[in-house]
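Scroll down for the structure; my scribbles are underneath it.
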Amino acid sequence: MRHLFAVLAASTLIPAAAIAQDAPTSATGKEALGLLTRGIAFKTVQGEGQVPAYAAYLKQQLVSAGFADGDVTFVPIGETGYLTARIAGRDRKAKPTVVLGHMDVVAADAKDWTRDPFTPVVEDGYVFGRGSLDNKANVSLVVATLMKLKREKWVPKRDLVLVLTGDEETEMKTTQAAANAFANAGLVLNADAGGGALGEDGKPIAYGLQAAEKVYGDWHLTVTDPGGHSSRPGPRNAIAVLANAVVRIANYRFPPQQNEITKASLAGTAAATPGELGAAMKAFAANPADTAAADILSADKRYVGQVRTTCVPTMFNGGHAPNALPQRAMANINCRIFPGTPRAEIEKKLVELVADPTIKVTFRDNGTIEAGASPLDPKVVGAVKAVVAKRAPGTPVLPMQEAGATDSMHFRAKGIPSFGVGGVFMKPGEIFAHGLNERVPVATIDPGVVWWEELLKTLG
Ligand SMILES: [Zn+2]
């Protein structure tokens, strides 16, 4: 998970007031809290080799609740791997439903944290620790819920498979393997995206249902030149040639785009957004050709990613000595592509903007994949609306297109509808996923397990 609420970041103040403990009272909630605090202690950072140990712990928990040993598997891939746990459905031939999450976490430097990132601390109504939110909160909620359902001998309509990947934050090799193994899935419910946003008063504002992600792409622009003594410059200088091309790209604006997800999320956010910005949301949602509205939205960092593909220079280097003409200059262009737009189309535009055949434009493959948006399935939207209505009556459900990327892209790329339906409700300003002092409110645990149970029973 990168940004839980790309479109809901309006309330970003952290309250000074301490929050009540809100310890879970339900047996499943208590179990989830136990799974979470134990889970944080596994340092599942890339290179630490701790994912298999965490997976073994989760497996032991699932088996203790009645899962057959053979129904919980771990597929090792390098130092990590992915875990699967299956509850057989009544119709074994029907396409399974995958509940997706990830076990790995982003690295954390203990000396920068107030508390040790891998020692779980429950304090002031929060669980602190790396992964407390991303993604061990929802993983713990789901695992505790599945343990409850297994004990109750619940049988879904179709097979329900929990898939927990082991390198979502880095290479997604386990994701790719899992997506290949479950290419027959009919639906993916991703626990690593989507969630409820609370206002400053702690009351729910909206629920974000993640149905699309921007597509990531890096291109290198490279210029080479014979160079020479800097006292004898010629008409061409590799750094200057490249700099001009980079400026052309930086100044270019890709045309505004819209899909049913951004249309619905902007229209929904407009209602709660005052002034010019809210008016622009409303106007753009109604008419994607309204370039004036698109310009207003693009001027706001929170919304620029919702409106168009963006390509920006992120790295630049060149030259080898202060007194030599540069022999080489390189720039990295980072693009966040509107889903559904082919990468080839973006590359064509970059080449056109560079407008110089001596500048080499090369795509840098980092394993991210082209995936379109998941069409808003009324069955899924209806189920999410129903669980939101129970948990937080009157709270709108807003479809959401994320600026970052999650495991869902590998399933969406295979045409499997994938929706981020996380059960955590918190204030957007308190989301420190990937950052310092990551935390999750304890108060979200009890309603969180109810959330998953109702969602799985409706959609499973
Ligand atoms: Zn995540």
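Annotations for the structure displayed:
- Proximal lysines to Lys348, defined as alpha-carbon separation beneath 16 angstrom and excluding residues fewer than eight positions away on the same chain: Lys360
- Cα gyration tensor shape for the range 383-460, rounded if a/c is under 1.5, else prolate or oblate: oblate
- Label zone at Thr119, where the point sits 7 Å out along the Cα-to-Cβ direction: the range 425-460 residues whose backbone N lies under 19 Å: 436-440
- For the chain, calculated [θ]222 nm from helices alone, where every DSSP H run of n ≥ 4 adds -39500 (n - 2.57): -10000 deg cm²/dmol
- Gain on full stretching of the segment that runs from Lys360 to Val63 - 0.36 nm per residue minus C-alpha separation: 101.4 nm
- Pairs from the table (Lys153/Lys457; Lys30/Lys427; Lys148/Lys427) lying more than 19 angstrom apart at Cα are Lys30/Lys427; Lys148/Lys427.
- Among the trypsin sites (Lys or Arg not before Pro) in the range 245-348, those located in a DSSP loop and surrounded by at most 10 other Cβ atoms within 10 Å of their own Cβ are Lys301.
- Using the Cβ-Cβ distance between Lys379 and Arg232 with R0 = 60 Å, the FRET efficiency computed as 1/(1 + (r/R0)^6) comes to roughly 0.25.
- Reach of Lys414 by Cα under 22 Å, taken over lysines that are not fewer than 8 positions away in the same chain: Lys93, Lys95, Lys173, Lys214, Lys379
- Label-point separation, Ala110 to Ala299 (7 Å along Cα→Cβ), nm: 4.9 nm
- Of the Cα atoms belonging to the chain, the radius of gyration and Dmax stand at 23.6, 82 Å.
- Globularity ratio of the range 303-460, using Cα Rg and 2.2 N^0.38 Å: 1.44
- Cleavage-rule hits (trypsin sites (Lys or Arg not before Pro)) in the range 121-224: DSSP loop, at most 15 neighbouring Cβ within 10 angstrom: Lys153, Lys157
- Histogram of C-alpha separations across the range 224-322, 5 Å bin width, %: 2, 11, 19, 16, 9, 8, 7, 7, 7, 6, 5, 2, 0
- Applying a DSSP loop filter and a limit of 13 other Cβ atoms within 10 Å to the chymotrypsin sites (Phe, Trp or Tyr not before Pro) in the range 175-260 leaves Tyr252.
- Per-residue extension of 0.36 nm, minus the Cα-Cα distance of Ala267 and Val351, leaves a gain of 26.7 nm for this segment.
- Stretched out straight at 0.36 nm per residue, the stretch from Thr458 to Thr314 would grow longer than its current Cα-Cα span by 47.4 nm.
- Take every DSSP beta bridge whose two residues both sit in the chain; close to 65 percent of them are antiparallel.
- Accessible area per residue for the chain is 41 Å², calculated with a 1.4 Å probe on protein heavy atoms, without ligands, DNA or RNA.
- Distance from the range 94-167 to the range 406-460 (C-alpha centre basis), Å: 9 Å
- Between 0 and 90°, nearest 10: helix 51-64 axis offset from the chain longest Cα axis: 20 degrees
The values are calculated or read from the model by the stated rules, or taken from the named source; none is laboratory data. This one's a predicted model, so the numbers in the text were calculated from it and none came from an experiment. Ideal geometry is used to build each Cβ from the backbone, glycine not excepted, and the neighbour counts take in all protein chains shown. Please note that ligands, DNA and RNA were not included when accessible areas were found on the heavy atoms of the full protein model with its side chains. Shrake-Rupley method; radii C 1.70, N 1.55, O 1.52, S 1.80 Å.
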